[in-house]
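I have placed the structure first, in the form of C-alpha cells, so that the comments after it can refer back to it.
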Amino acid sequence: MRSLVTVESFFFFALIGCMLLTSCNQETFMPTNQSGDSIDFIPAETATKDQNSDSKDNGSLEPERRFWIRDFSTPQPYPVSLERNSNNFSLRSEIDGVLRSAVSQSMFSASNCDVNWALIPSESGVDLVYTIRNLTNSNQSLPDLQIGGLEFGDIIEYLDQSISSEFKMLDASGGRAVWSATAPYPQSLYSPLIIARNGRYAVGLSLQYPLLEYKHQIRTYIGRGPGPNDGTWNTRFHLDGELAPNQSRRYVVNIRYKGVADWIHSIGPYKEFLTRYGPIRYQQDLRPVWGTAIGDSLLIRSDNPRGINGFRADLNGWEANVNYILDWVVPSGFERVMVWTASGVYDENRQNNFPPQFMVEWTNPMIETESQWTRVPDAGVDLLFWWGRAGQYADRWNDDLLEKFSPDNPAQKTMMLNQWDLALARGASGLGLDAFTQMDAWDALPWIATLRERKPDATIVAEPVSYDILNLHVPTFLYSEDVENTPHYLADYLVPGREIWVYARGEGQTIEKLNGYIANGMTVLLRSKGITAWDLEEAVRNAQGGVGSPP
C-alpha cells in the first residue's frame with residue numbers, strides 16, 4: 001500500500017471472479033548424487049507441450065469481443081543450437097554467436113536436499129527440469145536455481161516488473177559488480193521471470209511451479225560479479241521455502257532467446273503455463289471512476305481524532321456527504337464512485353492506516369443515517385468502498401500490531417465477512433482491497449471466492465499492482481506515475497483481456513493524458529472535479545474492443 005498524502009486519494013475496483021487452480025503432477029525422481037550435479041538429457045520428442053514448445057499467441061478473436069487487448073506481432077524465428085558439456089551446456093545462435101557458455105558454476109546452490117536437473121531442447125532455447133527431494137528427517141531449505149554463463153557484453157537491460165514493466169540498465173563495464181533490484185513473487189512481482197536484452201537479442205527465463213500447492217515465494221536476480229562465471233551474466237531464482245522430510249518438488253525453468261524486437265515472446269512458455277489457472281473471472285470494464293475520501297490523517301485534530309472531512313459525518317451523519325457525491329457524479333456522467341476511509345483514520349499508530357475496520361467502528365450518527373448510502377445506487381451509480389489493509393486483521397481501533405488475515409481463523413473470518421455484509425446492506429456493489437498482496441496467494445484466492453459467494457457480480461479490485469494469477473481473478477491497480485513511461489506490457493501479454501486501474505493523481509492530469517491511459521486499455525480513477533466522464537466517453541468507446549500497438 002502507498003499511503004495517501006492528501007484528501008485527494010481514492011481508488012479502484014472492477015469485476016472479478018472466483019477460485020481456481022491446478023497443480024503440476026509430481027515427478028518420479030531419479031537417483032541423485034548429493035555431492036554434485038546430476039543431469040539427464042531428455043530428447044525433444046519426449047518433452048511435454050509446455051516444456052518443449054514456445055507458446056503460440058492466441059488466434060483470431062471472436063468478432064463480438066468487447067475487451068481491449070494489445071497486438072503483439074508474430075515473432076521472427078530465432079534458432080538456437082545446444083551443445084551438452086558433461087554436467088553443463090552451451091547455447092549458440094548462427095546470427096549472434098555464443099549465447100550461453102558452459103561455465104563451471106553449479107546449476108543450483110549448496111543444499112541438504114538431493115537435486116537433479118535435466119535438459120529439454122527447444123528451437124529457441126532449452127528447459128531445465130529440476131527435481132528436488134528431501135531424504136533427511138528434518139525440514140530443509142530449498143536450493144537456489146542458478147543459470148550463469150549468459151553472454152551479453154558489459155551492458156544489458158533487464159525488465160523491472162516490481163511496479164509495471166520497464167527496462168532498466170545494468171553496466172558492468174570495467175569489471176564492476178552489478179545486480180538487479182529484487183522483490184518477491186507473488187507479493188511484489190507480477191510473474192516469476194527474468195527478461196534481459198542487449199542491442200541484438202533478448203533472453204527470457206521463466207519459472208514454472210505450482211504456487212498454490214507449494215505455498216512459497218521466490219525472488220529473481222540477474223547480475224555480474226566476481227566468481228566462476230568468467231565475465232558472463234548470472235541469473236538466480238531464490239526459492240523461499242522449505243521441503244519436509246520424504247517430500248519432493250519439481251520446478252521448470254524455461255530459457256528462450258528471441259531477437260531484441262521480439263523480447264516479449266521470450267516468455268511464451270510461461271504464458272502457456274499460466275493458462276492452467278483458467279480464464280479471466282471478470283468482464284473488463286473501462287468506464288472511469290470518481291473517488292472521494294471521508295477521512296485523512298492531515299485533518300486529525302484533538303476535536304477530530306479520526307480526521308473526518310468537513311461534512312463531519314461522525315457528528316452529523318451521512319446526508320451531506322452523499323449529497324456532495326451525487327451533485328457531482330450524476331451530472332458529470334460518472335457511473336461508479338469509490339469511497340475511501342469510510343470510518344476515518346487512526347490518530348494513533350498511523351503507520352497502520354488505512355484501518356481494516358472500514359464498515360465497523362462507525363459513530364452513532366453514522367449508523368443512524370447509514371441508509372443515506374443507498375441513494376447512490378438508487379441514482380444509478382455503482383457504490384464501492386475501499387477496504388483498508390484488506391489482507392490484515394485488527395482486533396481494535398488504533399491497533400498497534402496488525403495480524404496477517406487468515407480465513408482459517410473463525411473469529412477473524414466472522415468479523416471480515418460481517419464488514420462485507422454491512423457494505424452490501426449499505427448499498428455497495430463492490431470493493432477496493434487495499435494492500436491485498438500482504439495476504440498469501442493461497443489464502444487470497446479462496447477468500448475472493450468467499451466474498452463473491454455473497455455477491456457474484458461484485459466489482460473488486462486489488463491494490464497494489466498484483467501478480468498474474470490474482471489478475472485472472474480481479475483487476476489490479478497502478479498509480480499514474482507508474483505508467484508514465486511505459487504501459488504494463490507484461491500483463492498485456494500474459495493475461496489478454498486483463499483489467500488494470502490507474503489512479504490519475506497529482507498535477508498535470510489532463511484529458512489528453514487520461515485518454516492516453518484509456519487507449520492503453522486502462523480504467524481511470526480520478527478525484528479531480530475539472531474532468532468529467534463525458535470528457536472521456538469517446539476514448540472509452542474507442543478502446544472497448546480495441547487493439548493496442550506492440551511495444
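The values are calculated or read from the model by the stated rules, or taken from the named source; none is laboratory data. Model, not experiment: these values are computed from the prediction. Quick reminder, even Gly has a Cβ in these numbers, built from the backbone with ideal geometry, and neighbours come from all protein chains shown.
The set of residues in region 370-409 being more than 22 Å from Ala435 (Cα to Cα) and touching a Phe, Trp or Tyr at 6+ places or on another chain (Cβ under 6 Å) consists of Gln372 alone.
Might you let me know whether region 69-76 holds any residue that is touching a strand residue (DSSP E or B) at 6+ places or on another chain (Cβ under 6 Å) and farther than 30 Å from Asp285 by Cα? Yes, some residue in region 69-76 is touching a strand residue (DSSP E or B) at 6+ places or on another chain (Cβ under 6 Å) and farther than 30 Å from Asp285 by Cα. Scanning region 520-536 for residues that are at pLDDT below 95 and surrounded by fewer than 18 Cβ atoms within 10 Å (Cβ to Cβ) yields Ser528, Lys529, Gly530. Only residues that are within 22 Å of Ile264 (Cα to Cα) and surrounded by 17 or more Cβ atoms within 10 Å (Cβ to Cβ) were counted across region 168-181, and they come to 2.
Scanning region 454-473 turns up no residue that is over 14 Å from the mean Cα position of the chain (by Cα), crowded, with 22+ Cβ neighbours inside 10 Å, more than 18 Å from Pro288 (Cα to Cα) and touching a residue at least 40 places away in the same chain (Cβ under 8 Å). Is region 94-116 home to any residue that is modelled with pLDDT of 90 or more, more than 30 Å from Ser549 (Cβ to Cβ) and of a type in the set (Lys, Arg)? Checking region 94-116: at least one residue is modelled with pLDDT of 90 or more, more than 30 Å from Ser549 (Cβ to Cβ) and of a type in the set (Lys, Arg). Within region 395-426, the only residue that satisfies the criterion of being over 18 Å from Glu361 (Cα atoms) and buried (at least 17 other Cβ atoms within 10 Å of the Cβ) is Phe405.
Okay, residues lined up against (1) without any contact (Cβ under 8 Å) to a residue 12 or more places away in the chain; (2) under 22 Å from the mean Cα position of the chain (by Cα); (3) under 23 Å from Pro186 (Cβ atoms); (4) surrounded by fewer than 19 Cβ atoms within 10 Å (Cβ to Cβ):
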{"site": "Pro226", "(1), (2), (3), (4)": "no, no, no, yes"}
{"site": "Thr235", "(1), (2), (3), (4)": "no, yes, yes, no"}
{"site": "His238", "(1), (2), (3), (4)": "no, yes, yes, yes"}
{"site": "Gly241", "(1), (2), (3), (4)": "no, yes, yes, yes"}
{"site": "Ala244", "(1), (2), (3), (4)": "no, no, yes, yes"}
{"site": "Tyr251", "(1), (2), (3), (4)": "no, yes, yes, no"}
{"site": "Asn254", "(1), (2), (3), (4)": "no, yes, yes, no"}
{"site": "Lys258", "(1), (2), (3), (4)": "no, no, no, no"}
{"site": "Ser266", "(1), (2), (3), (4)": "no, yes, yes, no"}
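Residue check: Ser206 meets all listed conditions (1) hydroxyl-bearing (Ser, Thr, Tyr); (2) under 27 Å from Gln140 (Cα atoms); (3) surrounded by fewer than 20 Cβ atoms within 10 Å (Cβ to Cβ) but one, namely (3). Of the residues making up region 488-519, those that are buried (at least 22 other Cβ atoms within 10 Å of the Cβ) and out of contact with any helix residue (DSSP H, G or I) (no Cβ under 9 Å at 6 or more places or on another chain) number 1. If you go through region 133-153 and pick out every residue that is within 27 Å of the chain's Cα centre (by Cα) and β-branched (Val, Ile, Thr), you end up with 1. Considering (1) more than 21 Å from Arg219 (Cα to Cα); (2) polar (S, T, N, Q); (3) in contact with a Leu (Cβ under 6 Å, 6 or more places away or on another chain), the lone condition that Gln140 does not fulfil carries the number (1).
Looking at the structure I just gave you, is Phe311 without any contact (Cβ under 8 Å) to a residue 40 or more places away in the chain and outside any helix (DSSP H, G or I)? Yes.
Of the residues making up region 126-162, those that are touching a helix residue (DSSP H, G or I) at 6+ places or on another chain (Cβ under 8 Å) and buried (at least 18 other Cβ atoms within 10 Å of the Cβ) are Asp127, Val129, Leu159, Gln161.
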